[in-house]
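In what follows, a single structure is set out as structure tokens and then discussed.
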Amino acid sequence: MLRVILVLFWLVLFLILSLPVQLVLFLIQTCSFGRARNWVRRVSLAIVSRAFRILMVLAGVRLTVKGVERIPVGEPVLYVGNHHSYFDTVISYSQRTSPTGYIAKKVMRKVPILSIWMWFLDCYFLDRNDIKDGMRMIQTCTDKINEGVSFTIFPEGTRNKTTEELLPFHKGSFKLAQRTGCAIVPMVFNNTAAIYEAHPGRIRAAHVVMEYGAPIYYKDLTKEEARHIDDVVRDRILEIYRRNGALV
């Protein structure tokens, strides 16, 4: 129970104290007519990733990260991850060192203050029931990737609450990589559900393993692999997930 209190206290404190910072960043971006956009993006990333690292300490997360050397340097990528826990986003963002947006559920747009940070970080909210809105978002994210911004998506579409290792992947999750040619980087989490989801209402210390797989480029795929890119990436993630299961 103590960890729940500490985590909630830190989240509320961070969001309240960050309001003046958000105002300053907004004014800088507005007054510079967008010329300071990349600077604002990087400052926001530094602030949020540091806040999430503190949150992980309070939650008792012991993190092992593998495969960082596999992430392409100097180019935007599409991180594709499995999704068992709210902490998947917290942990992955705590490790980001270059601008990275997230494709999030539209409900996240309603979270006060946090949604403003998400706006600064080029996060976009997907309504799976609105095809036209989804196409507009894909075009916007394509433009951002061409500007050098990476993105993260969880192609299962929701947190996996089943006993299955992975849910089916949505093929549309890979359109950004298909359009831009950017690398798809598998991002695999083991044991994040042990922090909270395995015992709702309580937060417990847990050892989490996060591994980045080898990048996948559309240009290197056969026609058959490109046609079934969802299965190709899912198989890669599943292989890593099973291999790291013994480490937690």
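The values are calculated or read from the model by the stated rules, or taken from the named source; none is laboratory data. Here the structure is a predicted model, which is why all the values come from computation and not from measurement. Heads up, the Cβs are rebuilt from the backbone with ideal geometry, glycines too, and the neighbour counts pull from every protein chain shown.
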Checklist outcome for this item: Among helices (runs of 4 or more DSSP H) entirely within region 36-123, at least 1 residues that are among the aromatic types (Phe, Trp, Tyr) and at pLDDT 95 or above occur in 37-59, 87-94
Item to check | Residue, surrounded by the fewest Cβ atoms within 10 Å (Cβ to Cβ), within region 69-97, restricted to residues that are closer than 20 Å to Ala177 by Cβ and among the small types (Gly, Ala, Ser) | outcome: Gly74
Item to check | Search result, residues across region 129-153 that are closer than 22 Å to Phe189 by Cβ and in contact with a helix residue (DSSP H, G or I) (Cβ under 7 Å, 6 or more places away or on another chain) | outcome: Phe151, Thr152, Ile153
Checklist entry - Counting just the residues of region 144-178 that are small (Gly, Ala, Ser) and part of a loop (DSSP other than H, G, I, E, B), which one comes out modelled with the highest pLDDT? => result Gly148
Checklist entry - Tally time: how many residues in region 1-60 are under 23 Å from the mean Cα position of the chain (by Cα) and hydroxyl-bearing (Ser, Thr, Tyr)? => result 3
